[in-house]
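Reviewing the structure listed below.
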Amino acid sequence: MSDAIDYANSLLRGENVRLREVREPDLAQLADWWNDPAVKVLQTLWVRPTPTAGTIDLMRGWNANAGNDAGFAVELLDGGALIGQATLHGVDKNRCATLAIVLGPPYWSAGYGTDALRVLVRYGYVEMGLHRIQLETFAFNTRGIAAYRRVGFAEEGRRREAMFHAGQWHDTVQMAQLAPDWWAANG
């Protein structure tokens with residue numbers, strides 16, 4: 001029994017962050033970050049604000065944890081500050097999920113995203129029994145790509161000039177990690 005309790009207590013905890021349920025008061029902050037142009041350019045095809053109420057509804061749905069999807073708030077262990085949101089969504093019969101993560105700009109480049117990714121990926125393989133976790137990002141999201149590589153994602157392909165920003169065409173990058181690779185690296 002103590003092994004089961006230790007497992008449960010460590011499951012959603014990293015070195016500096018923890019994943020937890022998204023609470024109603026979190027939604028306004030998450031929506032503000034989602035509408036920040038610096039976040040939009042890394043997450044969506046269009047840099048344009050969306051109505052706060054609709055964005056809150058979208059965030060609420062992403063994090064309802066209904067069906068097979070798993071959505072979490074990301075908070076700091078030290079002090080409990082909300083710093084972002086992370087999900088494994090679109091889980092299918094092949095035990096494949098798509099990963100998405102958004103951190104608020106004040107928390108960029110401090111290692112929190114990599115820590116949150118490690119926790120989320122571990123959760124996907126150990127608790128959800130996933131076989132594959134995949135994602136797509138823009139080629140200019142070099143900070144994100146570096147974090148994905150640090151946690152074991154490999155580039156599987158590129159869609160050349162698949163998106164248009166700032167008057168230029170950019171590639172999108174498909175990355176994935178398989179459970180056997182994760183287990184080999186993490187025991």
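The values are calculated or read from the model by the stated rules, or taken from the named source; none is laboratory data. Values in this document were obtained by computation on a predicted structure and should not be read as measured data. Ideal geometry is used to build each Cβ from the backbone, glycine not excepted, and the neighbour counts take in all protein chains shown. SASA here: full protein model, heavy atoms, side chains in, ligands and nucleic acids out. Shrake-Rupley method; radii C 1.70, N 1.55, O 1.52, S 1.80 Å.
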*asked:* Please count how many residues of region 172-187 are part of a strand (DSSP E or B), in contact with a Phe, Trp or Tyr (Cβ under 8 Å, 6 or more places away or on another chain) and at pLDDT 95 or above.
replied: 4
_What's the number of the only condition in (1) touching a Phe, Trp or Tyr at 6+ places or on another chain (Cβ under 9 Å); (2) open to solvent by less than 30 Å² (accessible area, probe 1.4 Å) that ASP69 fails to meet?_
(2)
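Pick from GLY124, GLY84: which is among the small types (Gly, Ala, Ser), part of a helix (DSSP H, G or I) and either under 20 Å from ALA38 (Cα atoms) or touching a strand residue (DSSP E or B) at 6+ places or on another chain (Cβ under 7 Å) (or both)?
The unique qualifying residue is GLY124.
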*So which residues in region 127-139 are assigned to a loop (DSSP other than H, G, I, E, B) and open to solvent by less than 20 Å² (accessible area, probe 1.4 Å), if there are any at all?*
LEU130
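Sort out which residues of region 46-73 are assigned to a strand (DSSP E or B) and either modelled with pLDDT under 85 or within 11 Å of ARG23 (Cα to Cα) (or both), and write them in order of number. Before you say what the answer is, go through the steps one by one.
Step one: filter region 46-73 for residues assigned to a strand (DSSP E or B), giving 70-73.
Matches in region 46-73: PHE72, ALA73.
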*Tell me, yes or no, whether region 37-53 has at least one residue that is farther than 21 Å from ARG143 by Cβ and among the aliphatic types (A, V, I, L, M).*
yes
*Would you tally the residues in region 94-109 being assigned to a loop (DSSP other than H, G, I, E, B) and at pLDDT below 95?*
3
*List pairs: first in region 76-105 and under 17 Å from ARG118 (Cβ atoms), second assigned to a loop (DSSP other than H, G, I, E, B) and open to solvent by 10 Å² or more (accessible area, probe 1.4 Å), Cβ under 6 Å, 6+ apart or cross-chain?*
LEU77/ASN16; ALA97/VAL91
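Return yes or no: is THR114 within 17 Å of the chain's Cα centre (by Cα) and free of Cβ contacts under 8 Å to residues at least 12 places away in the same chain?
Against the criterion (within 17 Å of the chain's Cα centre (by Cα) and free of Cβ contacts under 8 Å to residues at least 12 places away in the same chain), THR114 does not qualify.
State which residue is nearest to GLY111 (Cα to Cα) when the search covers only region 8-45 and only residues that are part of a strand (DSSP E or B) and among the hydrophobic types (A, V, I, L, M, F, W, C).
Out of the qualifying residues, it is VAL17.
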*Scanning for something open to solvent by 60 Å² or more (accessible area, probe 1.4 Å), out of contact with any Asp or Glu (no Cβ under 7 Å at 6 or more places or on another chain), assigned to a strand (DSSP E or B) and touching a residue at least 12 places away in the same chain (Cβ under 8 Å), does region 140-163 turn up at least one residue?*
yes
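Do we find that ALA64 is open to solvent by 10 Å² or more (accessible area, probe 1.4 Å) and within 17 Å of GLN174 (Cα to Cα) in this structure?
So ALA64 does not fit the description; no.
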_ARG13 free of Cβ contacts under 8 Å to residues at least 40 places away in the same chain, open to solvent by 40 Å² or more (accessible area, probe 1.4 Å) and touching a Leu at 6+ places or on another chain (Cβ under 8 Å)_ = no
